[in-house]
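For reference, the structure discussed in these notes is given below.
The values are calculated or read from the model by the stated rules, or taken from the named source; none is laboratory data. Owing to the predicted nature of the structure, the values given are computational and were not obtained by experimental measurement. Glycine also receives a Cβ, built like all others from the backbone with ideal geometry; neighbour counts cover every protein chain displayed.
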Amino acid sequence: MTVITSAGPLISLIAGILILLVPRLLNYIVAIYLIVIGLLGLFGGHLR
């Protein structure tokens with residue numbers, strides 16, 4: 001059985017949980033999230 005999931009929702013879920021657990025990390029989590037989503041958007045479609 002193969003489970004295929006996109007990285008965007010998974011990263012969002014992890015970031016949301018971390019923000020709930022440690023609110024002080026909000027700035028870092030948002031910055032890392034935006035960088036990862038940006039990189040996935042730039043290079044994600046070119047891997048095929």
Original post:
Before we move on, is Ala31 of a type outside the set (S, T, N, Q), at negative phi and at pLDDT 80 or above?
Top reply: yes
**OP:** Could you give me the residue pairs with C-beta distances under 9 Å whose first residue belongs to region 24-38 and is within 11 Å of Ile11 (Cα to Cα), whose second residue is among the polar types (S, T, N, Q) wherever it lies, and which are 6+ apart or on separate chains?
**Re:** Tyr33/Ser12; Ile37/Ser12
